[in-house]
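Asks: Can you read through this structure? Questions will come right after.
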Amino acid sequence: MKKNILTIIAICCSVVIMMSGCQQVEDLTPSVSRYGINSLTASFYGDGSSENSFTSEIDYEKGVITVVFPYNYPRTSENVLTMNDLKNVRIEANLDDNVTISPSLLYLDLTKENYITVTDQTKAKKDYKIVAEIRKSAESRITSFELKSLGISGVIDEEKKTISLISIENIGESLAEVNVSHGATLTPDPRTVSMNYDTEFSVTVTAQDGIHKSVYKVKKDVPSKVDFGMRAGSGKVLWSKKIQVDLGIAALNITTSLAVTKDYVVVNTRNEPCTYLDRKTGVKVGTMPNMGSIVGGLTNFFATADDGDNILISNLAPNAGTYKVWRIEGINGTPKLYIDWAASGSTAIGRKLSVKGSLDKDAIITAAIMGSDRSFARWQVKNGVLQSHTPEIVTISGIEGGWGNNADIVATDPSNPNADYFVSYYAAPRKFAWVNGSTNTIKALGPEISANWIQNAADYTIFNSCPYAVSNSINSFTWGSDDSIYLFDASSASTFKAAVWTAPIGTYGGKDNGGQNANGTGDTILKVSNDGYYMYLYFMFTNGCVVCVQYDCIDM
């Protein structure tokens, strides 16, 4: 019996040994080599600009960290950054877990060499030298190319480095308006040399550093389009400007609307002349010079623009008397009273205003009646003539309760007041609404958003045969960061159920920039380029940012 027991024990031990021998020991070595420190980021104290963040390059072998600053700061200015500007720079480190730096980083004088010791998880130490370098830009891109006198915009294929000028007729010789990477030069320079655009030619872009170059072919052409709507994935933010820091608008809570003309984005601040920006770059150009007669806290209350060059500015009624809308032809025009409506009783109107079409041709103008049960005022323009100062009052079925001070209505057909329209509102259901214009009943609804967030801006356009509608959501609290924009394909009720593009939350809203958007205000605008190859989405959040997003329909 003892022999049998010993045999069993021996067999069991053998099995255990065999099983142990087959099992692989887990390899705990990281698949990617880590150095403890991943990056340093520098910034200037007290500078709230979105450009105030500077990255670094790390030579792990030599133990040198180079913090790179631009030659010009702000980057699109002519101001030259010098080493004297780097005497007190905020430094932050991105480290792996359980890694430490000594001495601790806070502010460094980068006019001299600084040394740190990085201690990793195994207590191994590595010394690094931190230096600063002011570096000229290596970017050599053409960002826009226009023959403005001929109304022709170049379609830029950055990957192929081609610029296509859309024209069936001969173009001939002309000067061009060209935007390039900051500090870059052109050879030849079509801005100063008239080129023959009926013959293909090349333009060399030399970066500010004088080293990096790109060569673009410029040719008369008609690029192919995708079959329908925008090219998937083409959406990109062209520019973003903080209202207070970048545009210098200090008044909190009262910059609330946009008017986009052919060349400019007009930013309306109540009780101040409107600021206008270059539509393609977002650079502040100036303030509208002839608004004096209507500047006031309740007079230039809201602004919008038609598809031409007409800016409409409305007051707030009944607070400022009868409801008035002024028409300004271009940014240098003078205000002319366009609508004067003595609304009945205490009808509140003026917090939102939309126009679809052109005041010089056909247009539909809409304005939500605030505090109402889903009603709005609608004016019609035919052949450049406003039909009446007294609007048609329309009531929508299918929206529950009043929408208070938050609603925006946009028409779809400037020649047909009974065509469908879109409504962004703060009431149940919490969904962007597509309304049947003949019955004024809900035709389709977008996705539901939280009852905490306000919807109150809408616009609509047709791009490459596809209808698009846009709405917003706004956080008006001291907490949360859900300010966003929702772009919808409105070609059918099924495609309207989910947005095709949304703005990232926690980025452009008031709380994340200038301060709480207590009034819950914002705006959104859609425009299509004259050549039909680009669609632009402009939006803003009060106390936050003004943003331009570009989409294209080019078949790449």
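Asks: What is the local net charge at S49, summed over the other residues whose Cβ is closer than 9 Å to its Cβ (Lys, Arg +1; Asp, Glu -1)? Present the calculation step by step, with values, prior to reporting the outcome.
Replies: Numbers: positive: K242; negative: D47, E51, D246.
Summing Lys and Arg as +1 and Asp and Glu as -1 gives -2.
Asks: What FRET efficiency comes out for A232 versus D482 if R0 is 30 angstrom and r is the Cβ-Cβ distance? Round to the nearest 0.05. Don't jump to the answer; show the numbers that get you there.
Replies: On the way: r = 26 Å, r/R0 = 0.85.
E(calc), rounded to 0.05, equals 0.75.
Asks: Where in the chain lies the longest segment free of GluC sites (Glu not before Pro) that are both loop residues by DSSP (not H, G, I, E, B) and have at most 12 other Cβ atoms within 10 Å?
Replies: Details: sites that count: E26, E61, E78, E113, E158, E159, E169, E200.
Of all site-free stretches, the longest is 201-556.
Asks: G63: net charge of surrounding residues, Cβ under 15 Å, Lys/Arg +1, Asp/Glu -1, itself excluded? Can you show the working numbers first?
Replies: Working: positive: K62, K125, K126, K129; negative: E57, D59, E61, E113, D120, D127.
Taking every other residue near G63 into account, the sum is -2.
Asks: Would you please classify the overall shape of region 413-556 from the alpha carbon gyration tensor, given that a ≥ b ≥ c denote the square roots of the eigenvalues, rounded means a/c under 1.5, and beyond that prolate means a/b larger than b/c while oblate covers the rest?
Replies: Values: a/c = 2.03, a/b = 1.28, b/c = 1.58.
Since a/c reaches 1.5 but b/c is at least a/b, the shape of region 413-556 is classed as oblate.
Asks: Can you give the alpha-carbon Rg of region 282-393 over 2.2 N^0.38 Å, where N counts its residues?
Replies: Working: Rg = 13.8 Å, N = 112, 2.2 N^0.38 = 13.2 Å.
The reported ratio for this selection is 1.04.
Asks: Right, another one. Report the label-to-label distance for T334 and K148 in nanometres (one decimal), using points 7 Å from each Cα along the Cα→Cβ vector.
Replies: 2.5
Asks: Also, quick follow-up: Please give the helix 2-22 orientation as an angle from the longest Cα principal axis of the chain, in degrees from 0 to 90, rounded to the nearest 10.
Replies: Between helix and principal axis, roughly 50 degrees.
Asks: Mind jotting down the distance between the C-alpha centroids of region 298-320 and region 111-139, whole Å?
Replies: Answer, in whole Å: 54.
Asks: Oh, and also: Cβ under 9 Å from G506's Cβ, G506 left aside: what net charge do those residues give with Lys, Arg +1 and Asp, Glu -1?
Replies: -2
Asks: Here's something else I'd like to know. With the full set of protein chains in place, find how many percent of the accessible area of the chain is carbon and sulfur; take the probe as 1.4 Å. Show your work: numbers first, answer last.
Replies: On the way: 12570 of 25640 Å².
The nonpolar share, carbon plus sulfur, comes to 49 percent.
Asks: Trypsin sites (Lys or Arg not before Pro), restricted to region 448-556: which are DSSP loop and have at most 10 other Cβ atoms within 10 Å?
Replies: Numbers: sites: K497, K511, K527; in loops: K511.
In loop regions of region 448-556 (DSSP not H, G, I, E or B), there are no sparsely surrounded trypsin sites (Lys or Arg not before Pro).
Asks: Please give me, ordered by residue number, the chymotrypsin sites (Phe, Trp or Tyr not before Pro) of region 154-255 that lie in loop per DSSP and have at most 14 other Cβ atoms within 10 Å.
Replies: Numbers: sites: Y197, F201, Y216, F228, W239; in loops: Y197, F228.
Hits after loop and neighbour filter: F228.
Asks: From the Cα gyration tensor of region 357-425, with a ≥ b ≥ c the square roots of its eigenvalues, which class applies: rounded if a/c is under 1.5, or else prolate if a/b is larger than b/c, or else oblate?
Replies: Details: a/c = 2.53, a/b = 2.00, b/c = 1.27.
It is prolate, given that a/c is not under 1.5 and a/b is the larger ratio.
Asks: Same structure, new question: Under 19 Å from a point 7 Å along the Cα-to-Cβ line of T395: which residues of region 332-358 have their amide N that close?
Replies: 343-349
Asks: Additional query: Whole-Å semi-axes of region 217-375's equivalent ellipsoid, largest first, each the root of 5 times a Cα gyration tensor eigenvalue?
Replies: On the way: eigenvalues 190, 82, 51 Å².
So the three semi-axes of region 217-375 are 31, 20, 16 Å.
Asks: Multiply the residue gap between K87 and K361 by 0.36 nm, knock off their C-alpha separation, and tell me the result in nm, one decimal place. Let's see the in-between values first.
Replies: Values: separation 274, 0.36 × 274 = 98.64 nm, distance 5.98 nm.
Using 0.36 nm per residue and subtracting the Cα-Cα distance, I get 92.7 nm.
Asks: Moving on. How large is the helix-only mean residue ellipticity at 222 nm for the chain, computed as the sum of -39500 (n - 2.57) over DSSP H runs with n ≥ 4, divided by its residue count, in deg cm²/dmol to the nearest 500?
Replies: Working: 1 runs with 21 residues, N = 556.
That calculation yields -1500 deg cm²/dmol at 222 nm.
Asks: When a/c reaches 1.5 or more, the comparison of a/b and b/c decides; with that in mind, is region 23-154 rounded, prolate or oblate per its Cα gyration tensor? Walk me through the numbers on the way to the answer.
Replies: Numbers: a/c = 3.10, a/b = 1.64, b/c = 1.89.
Note, shape of region 23-154 comes out oblate.
Asks: Just to verify a number: FRET efficiency for K160 and S194, C-beta to C-beta distance, R0 = 30 Å, to 0.05? The partial results should precede the final answer.
Replies: Values: r = 25 Å, r/R0 = 0.85.
That pair, K160 with S194, gives E of 0.75.
Asks: Using 1/(1 + (r/R0)^6) with R0 = 35 angstrom and r between the beta carbons of T119 and V80, what's the FRET efficiency to the nearest 0.05? Don't jump to the answer; show the numbers that get you there.
Replies: On the way: r = 39 Å, r/R0 = 1.10.
E between T119 and V80, to the nearest 0.05, is 0.35.
Asks: Pick out, in residue order, every one of the chymotrypsin sites (Phe, Trp or Tyr not before Pro) in region 418-499 that is DSSP loop and has at most 16 other C-beta atoms within 10 Å; say none if there are none. If you can, show how the numbers build up before the last one.
Replies: Values: sites: Y421, F422, Y425, Y426, F432, W434, W453, Y460, F463, Y468, F477, W479, Y486, F488, F496; in loops: Y426, W453, F477, W479.
When the chymotrypsin sites (Phe, Trp or Tyr not before Pro) of region 418-499 are filtered for loop state and at most 16 Cβ neighbours within 10 Å, F477, W479 remain.
Asks: Gap in Å between the Cα centre of region 499-529 and the Cα centre of region 349-387?
Replies: Rounded to whole Å, the Cα centres lie 24 Å apart.
Asks: With a 1.4 Å probe and every protein chain left in place, work out the accessible area per residue of the chain in Å², rounded to a whole number. Mind showing how you got there, number by number?
Replies: Details: 25640 Å² over 556 residues.
For the chain, the per-residue accessible area is 46 Å².
Asks: Please compute the volume of the convex hull spanned by the alpha-carbon atoms of the chain and report it per residue in Å³.
Replies: Working: hull volume 137.2 nm³, N = 556.
Roughly 247 Å³ of hull volume per residue.
Asks: When the Kirkwood radius is taken over all Cα pairs of region 54-128, what Stokes-Einstein diffusion coefficient follows at 4 °C and 1.567 mPa s, in µm²/s?
Replies: On the way: Rh = 14.0 Å.
Reported coefficient: 93 µm²/s.
Asks: Please list, in order, the residues from region 514-556 whose amide nitrogen is less than 18 Å from a point placed 7 Å along the Cα→Cβ vector of R141.
Replies: Answer for region 514-556: 534-537, 547-554, 556.
The values are calculated or read from the model by the stated rules, or taken from the named source; none is laboratory data. Computed from a predicted structure; not experimentally measured. Note that we place each Cβ from the backbone using ideal geometry, even for glycine, and neighbour counts take in every protein chain shown. With ligands, DNA and RNA removed, areas are computed over all heavy atoms of the protein, side chains included. Shrake-Rupley method; radii C 1.70, N 1.55, O 1.52, S 1.80 Å.
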